[in-house]
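The structure appears right after this line, and notes come after that.
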Amino acid sequence: MNRLILIGNGFDLSLGLRTGYKDFLYSYLEECFDESFRHENGYQDKLIEIKPSKELPRLRPRHNSFDELYSYIKHEELIECKFKFELLDEIHENSMLNG
């Protein structure tokens, strides 16, 4: 059985380390997005499927945050993206509400 146990007291965040959920998801999305541009058929795993259009330039734009990258992937018409879980939507919505 696989288990993920998260224990924290906020010490890492108080030091300015990028160890929050959004930071982890940003890193994950960046890797998936990069892989989708490296392969003609895009990228797919158990959590996400990304298929850039052949019309989209192969040099992908860079983004500075989870919210920027997430919004780009969700709204770019030349990228077909399917999230296979709702956590990204929830984190993005909460971050937009809380600034």
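Scanning the range 11-28 for residues that are within 16 Å of S65 (Cβ to Cβ), in a helix (DSSP H, G or I) and either in contact (Cβ under 8 Å) with a residue 40 or more places away in the chain or charged (D, E, K, R) (or both) yields Y21, K22, D23, L25, Y26. Within the range 38-76, can you find the residues that are out of contact with any Leu (no Cβ under 9 Å at 6 or more places or on another chain) and of a type in the set (D, E)? If the condition is that a residue be out of contact with any Leu (no Cβ under 9 Å at 6 or more places or on another chain) and of a type in the set (D, E), then E40, D45, E49, D67, E68 are the ones that fit. Considering the range 75-99, and only residues there that are surrounded by 14 or more Cβ atoms within 10 Å (Cβ to Cβ) and under 17 Å from F24 (Cβ atoms), the residue that is modelled with the highest pLDDT turns out to be F83.
Of all residues in the range 36-46, those that are loosely packed, with under 15 Cβ neighbours inside 10 Å and either outside any loop (DSSP other than H, G, I, E, B) or under 12 Å from the mean Cα position of the chain (by Cα) (or both) total 1.
Residues of the range 47-74 that are surrounded by fewer than 14 Cβ atoms within 10 Å (Cβ to Cβ), at pLDDT 80 or above and not in a loop (DSSP other than H, G, I, E, B): E68 alone.
Per the conditions (1) at pLDDT below 85; (2) exposed (fewer than 14 other Cβ atoms within 10 Å of the Cβ); (3) within 11 Å of the chain's Cα centre (by Cα), the sole criterion not satisfied by E31 is (1).
The values are calculated or read from the model by the stated rules, or taken from the named source; none is laboratory data. Please read these numbers as outputs of a predicted model, since none were measured by experiment. Because the Cβ atoms are built from the backbone with ideal geometry, glycine has one as well, and the counts that use them run over all protein chains shown.
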